[in-house]
Amino acid sequence: MAAITIRNLDKAYGKTRVLHGINLEIADNSFVVFVGPSGCGKSTLLRTIAGLEEKERGEILLDGRDISDEAPVDRDVAMVFQSYALYPQMTVAENIGFALSVAKQNKATIGKKVGQVAELLRLEDYLERKPSALSGGQRQRVAIGRAIVRDPKVFLFDEPLSNLDAELRVEMRLQIAQLRRRLGATFIYVTHDQVEAMTLADTIVVLRMGMIEQVGSPLELYHKPANQFVAGFIGSPKMNFIPAAAVSGLDLKGAATVGVRPEHLHIDEAGSLKGVVRTVEDLGSISYAYAALPDETLVTVTLPPEHSVVVDQPLALSIVPGRSYLFGADGKTIG
Amino acid sequence: MAKTSYKTKAKWQRVALLTPGALLYGIFNFLPLLGLLALCLVDWPGIGPMKFVGLDNFLQLFGNPFYRDQLIKAFGQNLIFFAIIIGAMLVFGTFLALLLSFRTWGRNFYRSIFFLPYPLAGAAVAFLLELIVRTKGPLNVLIVQGLHLSGKPIGFLGDPLLALPTLAAFYSWHRMSFAIILILSAIVAVRVHLIEAAMLDGANRRQTLRAVVFPVLAPAFILIVVIVMVDVFNNADYTLLLMGPEGAPARATDIMGTFLFRSAFGGAATSVNVNFGMSAAIGLVTAVAILPAAIFLALRNLRKD
Amino acid sequence: MDKLFRLKPLEQAVVQLILIVWSAIVLFPIGIAVLNSLKPNLGEVYKAPFALPSTWSFGNYSQAWFGAHFSTYFLNSAIISLSCVVIVTVCASTSAFVIVRMPFRGSGFIFGCFMLGVVIPIRLAMAPLFVIVKSLNLLDSLLGVILVQSASMMPVAVFILTAFLRAVPAELEDAAKMDGALPFEIYWRVVLPLVRPALATVALLTFVQSWNEYFLPLIFLRSEQNFPITLGMTQFRLQFDVQWHLMFAGILIMLIPTIVAFLLASRQFIEGLTQGGLKE
């Protein structure tokens, strides 16, 4: 059991507020991802759960027990850092076993547990190496091993893949998903990469300026964004935002902006949206066209692999019925 | 119970880690520096009761001819001492550092040789060089018999005119590598990016040196000037070792350090004018005199962080 | 860029000549000392200071060692400087660790106090310092001199170490905290191994400076059996002033430990010099 409840959590650095009244329920055994642009408070929230930052007000309950005043080590949480934070002077085995040796466990126990973790993460051959002699992916696994060995109820990941190259990132993403199924613990994961968020999470928490914008499953967020910010943040390529004045043939219900995802714009001779193609990107399996509307709003359109769109030519588009979003002047979703 | 104990333990351990260093420094370094402010207000020969005299020590120092003349002489001679040393260091130091920055054969070997005197003890250097420059010493043998530069031996440390420059030469001999190393590292640091650019612009060697190398030497020069200044205005080891606290001959080598020492511990065994308050006052005056340089140094250090 | 620093043969010759001349100036006194410390009598020193000794008299060194309690001075210097090395490396690294890594209300002020010691030389405050040492009953004791000399070297040591500690990534310490390490363990097992080069620099600077220190022992020591070698040299000179060959031998014995320390770690030494600045 490891359910987390956060109530009215506030935090400030001096006069800058970084977390405003955070309320959040994290179910046992779930994989929760905090996303948001940099400076949105996602890392601070994670570090406050870890106990590396002091809260100002509010409480953090782990299975009903308030842990917000406890030391990190007493919270039953473990953390994997962005820089891995491996101790450079220690071998892989010493790195993984450090927490146990600090807890004064005997050498045989430490050796056994380190062995088990190393096997799980396929690190057996590297136990006597120093971190400097490992590749990025291996270091990442050691960092995860150091968290696993403590057998925590909650795993915290702070942008763990951002230092890896694109290919390795995909591989590690799959490994983390796999690991999570094996360990059956609660995972909290921070990233600014919405693809990571969409692929890994059961629940995504979108943060902006220290406040929660929306909580929901990846598809909920994709289909029913609560506001323009979430709509723009989730989904790749980004949702197009068109001033309502430039759109005709829709019941606007007083909306200021119309949002359409690139995949919901179709080429249609009779389409009401007219523009000029500025750029075409062919990626093989898919293509994107970037077209400028008369008011210079640039919209992205997903094209099938075989298309006849040519740069500088006019393009008429129609919106797939029922696939547009209406946002009020305050950014809230209207319909 | 175990839950709160980590934080409590952490707090106590922090105190335990900080305390030894803070106490050591606080008692034997920081407190005395603050103590200058209190002690300069008393008249006290080191034993017996202290007498509070207010600012009398300062009035004496600047008004009473006995002290004022010593102060003026010591300060003036200290300036001359400083000027000779800094001149030698900047001229020779820059010259030698430039030569070492070229692709000179054996430049690492030369650098090691040049650095050799630096770690030597001031006391050893003083006694060693004093033996060398004695009237019957090797240097005079070289000058009189070898090079025939002079008909008779030169009394470097006995002559009131020569004694102070000779001590300055000792200091320069001892510390020259300090200037060389700092200037050399400034040249090496600038080399890669700036010089390349200058060469691409078609500058020749002399133009490059003048336009690119010398301007970046300014910070190194300032650092050397400041550090040497702070040092020579409080450190009078060579004079104390070779000339005694009275700055023989006839106080021709008296500088602030000796004056300060004399005021607290006396020049000769028979000294009567011993006053710790006066010593503190002189220390304070010297501190104020070198304070601009000292603050500059502190700001530079903090900025570097 | 290489073109600028490459020398034509003629230039090379001129540069070599100048460098050799300066080397001669540097080596002249030291060479004279070595040469003449091996001469059998004073006459040879006077008559032909540049000539090789007629007989190589290594006995001068043992004569110097046993003259004027030289061995006692040497031992005192060793005790003082090794104690200073231990005290300064331990105290400066723990203080710097707390200041940089566990800041609290007032830690900036404490750092400021240390920096005051970097800029105002303790010699200027010798009168108040004397009063404090006297009131603690530490006059004329090795312990007193050790404490005073250690304290005088704390500011520069703290300065060098804080600069290094700031470069240690904060996430390492966060990781150690998550692992349950207490400050002692973080200091000893995580941070200290990472600043070993800085520690070596501080240890070396402290050793050389405390071995060479003349002024502070001069003020705080009275009895000859406590004298370090710098003070001892003065006594030695009273006894051997005219026996130049023995003077040279004594001076050279005094220089050996610092020269050895320098040869062992000249790189750290030069680095420390550019970091901490000249201070003695």
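How well do other chains shield peptide B:280-290, expressed as the mean number of their Cβ atoms within 10 Å of each residue Cβ?
Taking the mean over all residues of the peptide, I get 3.
Backbone phi angles across the range A:265-273, fed through the Karplus curve with coefficients 6.51, -1.76 and 1.60 (θ = phi - 60°), yield HN-Hα couplings of 10, 10, 6, 8, 3, 8, x, 7, 8 Hz in residue order; Gly and Pro are listed as x.
Simple rule: put +1 on each Lys or Arg Cβ and -1 on each Asp or Glu Cβ in the range C:136-246, find the dipole, and look at C:VAL158, C:VAL190, C:LEU238; the Cα lying farthest toward the positive end is C:LEU238. Highest mean packing comes first when the peptides C:140-149, A:132-141 are listed by Cβ atoms within 10 Å, giving C:140-149, A:132-141. Comparing C:LEU139, C:LEU192, C:LEU182 in a Gaussian network model of chain C where C-alpha atoms under 10 Å apart are linked, the largest mean-square fluctuation is found at C:LEU182.
Note that the range C:121-130 has calculated 3J(HN,Hα) couplings of x, 5, 4, 5, 9, 5, 5, x, 4, 4 Hz, one per residue in order, obtained from phi through the Karplus relation 6.51 cos²θ - 1.76 cosθ + 1.60 (θ = phi - 60°); glycine and proline are x.
Among the listed pairs A:LYS153/C:LYS177; B:LYS73/B:LYS152; B:LYS51/C:LYS134; A:LYS104/B:LYS11; A:LYS112/A:LYS153; A:LYS42/A:LYS130, give every one whose C-alpha distance is greater than 23 Å. The pairs that break the limit, which is 23 Å between Cα atoms, are B:LYS73/B:LYS152; A:LYS42/A:LYS130.
Applied to the range C:154-170, the Karplus parametrisation 6.51 cos²θ - 1.76 cosθ + 1.60 on θ = phi - 60° returns per-residue 3J(HN,Hα) values of 4, x, 5, 4, 4, 4, 4, 6, 5, 4, 5, 5, 5, 7, 6, x, 5 Hz, with x for Gly and Pro. Considering every alpha-carbon pair of the range A:172-315, the percent of pairs per 5 Å bin, from zero through the bin containing the longest distance, is 2, 8, 15, 17, 16, 14, 12, 8, 5, 3, 1.
Its convex hull of Cα atoms gives the protein assembly as shown a direction-averaged projected area, equal to a quarter of the hull surface, of 52.3 nm².
The range B:72-113 and the range A:245-316 have Cα centres lying 73 Å from one another.
I'd like the antiparallel share, as a percent to the nearest 5, of DSSP beta bridges with both residues in the protein assembly as shown.
75 percent
The range A:57-77 and the range A:152-184 have Cα centres lying 24 Å from one another.
Treating each Cα of chain C as an identical point scatterer and summing with the Debye formula, the log10 of I(q)/I(0) at q = 0.10, 0.16 Å⁻¹ comes to -0.71, -1.21. Look at the stretch B:177-184: the mean tally of other chain Cβ atoms within 10 Å of its residues' Cβ atoms is 3.
Could you compute Rg(Cα) / (2.2 N^0.38 Å) for chain A, with N its residue count? So the Cα radius of gyration is 1.18 times the expected 2.2 N^0.38 Å.
Where the only charges are on Cβ atoms (+1 Lys, Arg; -1 Asp, Glu), what is the dipole of the range B:51-304 about its Cα centre, to the nearest 20 debye?
With only Lys, Arg, Asp and Glu charged at Cβ, the dipole is about 640 debye.
Of all the options B:VAL190, B:VAL42, B:VAL125, the one that moves most in a Gaussian network model of chain B with Cα springs shorter than 10 angstrom is B:VAL190. The chymotrypsin sites (Phe, Trp or Tyr not before Pro) of the range C:98-179 include none that DSSP puts in a loop with a beta carbon having at most 11 other beta carbons within 10 Å. Ranked for footprinting exposure by Cβ neighbours inside 10 Å, fewest first, B:PHE109, B:PHE221 give B:PHE109, B:PHE221.
May I ask for the equivalent-ellipsoid semi-axes of the range A:56-131, computed as the square root of five times each C-alpha gyration tensor eigenvalue and listed largest first in whole Å?
29, 15, 12
Hydrodynamic radius of the range B:51-304 by the Kirkwood approach over all distinct alpha-carbon pairs: 20.7 Å. Computed about its Cα centre, the charge dipole of chain A is approximately 920 debye, with only Lys, Arg, Asp and Glu carrying charge at their Cβ. Placing +1 on the Cβ of every Lys and Arg and -1 on the Cβ of every Asp and Glu, with nothing else charged, gives the protein assembly as shown a dipole about its Cα centre of roughly 1900 debye.
Farthest toward the positive end of the dipole of the protein assembly as shown, out of B:ALA88, B:LEU61, C:GLY180, is the Cα of B:LEU61, where the dipole comes from beta carbon charges about the Cα centre.
The residues C:MET254, A:MET90, A:MET239, when put in order of fewest to most other Cβ atoms within 10 Å, stand as A:MET90, A:MET239, C:MET254. Mind checking the range A:106-177 for GluC sites (Glu not before Pro) that DSSP puts in a loop (not H, G, I, E or B) and that have at most 15 other Cβ atoms within 10 Å? Here the sparse-neighbourhood loop sites are A:GLU128. Taking other C-beta atoms within 10 Å as the exposure proxy, C:MET154, B:MET229, B:MET243 rank B:MET229, B:MET243, C:MET154 from fewest upward. Build a GNM of chain B with springs between Cα atoms under 10 Å: which of B:ALA124, B:ALA211, B:ALA169 gets the top mean-square fluctuation? Among B:ALA124, B:ALA211, B:ALA169, the largest mean-square fluctuation in the Gaussian network model of chain B belongs to B:ALA211. Positive end of the dipole of the range C:1-159 (Cβ unit charges, origin at the Cα centre): among C:TRP56, C:LEU35, C:SER23, the Cα lying farthest that way belongs to C:SER23. The Kirkwood radius of the range A:237-327, taken over pairs of alpha-carbon atoms, gives through the Stokes-Einstein law at 25 °C and 0.890 mPa s a diffusion coefficient of 186 µm² s⁻¹. Computed from Cα atoms alone, the Kirkwood hydrodynamic radius reported for the range A:143-212 is 13.0 Å.
Here, each number is a calculation from the coordinates, and none is a lab measurement. Given the structure is predicted, the values throughout are model-derived calculations rather than measurements. Cβ atoms come from the backbone with ideal geometry, glycine included; neighbour counts cover every protein chain shown.
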